[in-house]
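Structure first, commentary second.
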Amino acid sequence: MPRVPPPTGLATTSCTGESGWLVGWSISGWLMVVAAVTVSTQVHQVTSSTSALWVWHTDQSPLVSAAASAEFFTFVQHQTVGNGTRLALVEVEGLGVNTTATSQLAQLLVQAHQNNVDVAALYGWSGRGGASFPATAEMLSWVQAATELGRTYPALTGISLDIEPSGTAQGSYQQYADLLAAIRRALNAEPVATRLQLSIAGSWGYDTVNVSCRSSHPVKKVTLRGGPVRPTSTMLQCAVTFVDLYILMNYRNNAYGCFCRPPPGLNSPRLQCPADGSPIAGNCSEASGGTSGGPGKDGMIGKALAAATAVQQHGGGCRLALGVETSCFPPSDVADRKYQYKLSFCNTSVTYLEQQLGETRNGLQQAGLWDGVMSAETPWALEDYTALRELERMASTPW
C-alpha cells in the first residue's frame with residue numbers, strides 16, 4: 001500500500017461533544033507514551049486514517065539514545081501498514097514523580113514536535129498477582145502532571161490508560177469505573193484549548209462484567225452479589241461513556257476466524273493449512289471461517305462486534321480502534337504462546353496483515369459498524385515496534 005501523508009492532527013469529537021485527539025494502550029505496571037505523527041500546521045485536518053504502534057522499553061526504544069530515537073522516527077515516517085503508523089507507545093516510568101523520567105519525556109516531546117508528532121502519556125496496571133488497584137489520588141496526580149506538561153509542550157495532547165482488572169475480582173472493575181469518572185471530571189475542568197484527551201485499552205471481557213456507572217449512559221437495576229439494588233451497566237458501556245477512544249485489544253490474526261494450529265494440532269482440511277506449520281490458511285473465506293456461512297465468532301470481525309455495537313449504541317463522540325498483535329511470544333509466556341497461531345501476526349507477512357485489516361474493515365462496514373463507530377483517524381493499533389520492523393524486513397523494506 002502506498003504511503004499517504006500523515007494527518008494534520010488526530011481530531012475527534014469527545015464524549016462531551018468537544019473536539020480533540022487521543023489513542024492508546026500500555027503494558028501492565030508501566031507508564032507509557034502514545035505518539036501520532038502529524039503535519040505541523042495551524043489547522044488540524046485529517047487527510048487519511050493511520051495506525052497506532054506500541055514501542056516497549058528495549059534497546060530499540062527512542063528514549064535510550066539519540067541513535068535509537070533517529071531510527072525510530074525514520075521508521076515511523078516510512079512505515080506503511082494501515083496507511084502508515086503514526087502512533088507510538090513509548091515506556092516512561094514516573095511522570096511527575098521521577099525527575100529523570102519527566103525530563104526524558106520532555107526531551108521526547110521536543111523531538112516529537114520537531115518531527116511533527118503528537119504524544120499522549122499512558123499509564124498501565126494489572127490486577128494479576130494480587131496487586132493493589134491504583135489509588136484515585138495517585139492517578140489524579142498523574143493526570144495533573146501530564147496536564148501541566150502538556151501546557152508547556154504542545155506535542156503532548158492526550159493520556160491513555162491500560163488498566164487490567166483481575167478477571168476474578170469484581171471490585172477492581174468497579175474501582176476502574178469510578179476512576180474513569182474521576183479522571184473525566186478532572187480533564188473536563190481544564191479549558192478545552194489545553195485539555196488532554198482520554199483513551200483506554202480494553203478487553204473483550206468488558207462486555208461481561210457489570211458495574212455501577214456514574215454517568216448518563218442508560219442503565220438497568222440489578223442486585224450484585226446480594227447487595228443493594230443499584231443502577232448498572234457493563235464495564236464496556238461505562239467505558240465508552242467516559243473515554244474519547246476505546247481501543248479494543250482485538251488480538252486475532254484472521255478476519256473470519258481461519259486459524260492453522262501448529263503440529264500436532266488438528267486442522268480442518270477445507271482450510272488447506274500449510275504442512276510447515278505456518279499460521280496462514282491456504283483457503284480462507286467468510287464461509288470457511290464461520291460455522292453458518294458468516295464470519296466466525298473467533299475472528300477479527302466477530303470479536304469486534306460487541307465493542308463496535310456499544311460505541312454505536314452510546315451515540316456520543318467516542319470512537320473505536322482495533323488493536324492488532326504482531327509480536328512473537330517468548331517461551332516464558334506460556335499462556336499466550338500456546339495460542340500464538342491465532343493471537344498474533346507473528347511469522348506471517350505485511351501483505352497478509354494488510355489483507356486482514358481490509359477484510360475486517362469490509363466486514364464491519366457490511367454490518368453497519370464502521371462509519372461513525374471506528375475512529376476515522378486511527379482505526380488500527382499495531383503491537384509492536386520491534387515485531388512490525390521484522391515483518392517489514394521480511395518484505396525487504398530498507399529500514
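FYI, it's all coordinate maths here, none of it is from the lab. Only a predicted model underlies this, so the values are computations on that prediction, with no experimental measurement involved. Glycine also receives a Cβ, built like all others from the backbone with ideal geometry; neighbour counts cover every protein chain displayed.
Values computed for the structure shown
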{"quantity": "Sites matching trypsin sites (Lys or Arg not before Pro) across segment 290-381 that sit in DSSP coil, with at most 16 neighbouring C-beta atoms within 10 Å", "calculated": "Lys297"}
{"quantity": "Highest to lowest packing among 382-388, 132-138, scored as the average C-beta count within 10 Å", "calculated": "382-388, 132-138"}
{"quantity": "Interchain or long-range residues, amide H under 5 Å from Thr50's placed H", "calculated": "Thr378"}
{"quantity": "Residues with amide H under 5 Å from that of Glu164, placed H, sequence gap 5 or more", "calculated": "Trp125, Ser126, Gly127"}
{"quantity": "Amide H contacts of Gly323 (H built 1.01 Å from N, under 5 Å, at least 5 apart or other chain)", "calculated": "Leu248, Met249, Asn250, Ala381"}
{"quantity": "Whole-Hz couplings from phi, Karplus 6.51/-1.76/1.60, listed for segment 331-347; x for Gly and Pro", "calculated": "x, 5, 8, 4, 4, 6, 4, 4, 10, 4, 4, 10, 7, 10, 8, 3, 6"}
{"quantity": "Cα-Cα P(r), segment 102-182, percent of pairs per 5 Å interval", "calculated": "3, 14, 23, 19, 13, 12, 10, 5, 1, 0"}
{"quantity": "Relative packing of 197-206, 365-374, which averages over residues the other C-beta atoms within 10 Å, highest first", "calculated": "197-206, 365-374"}
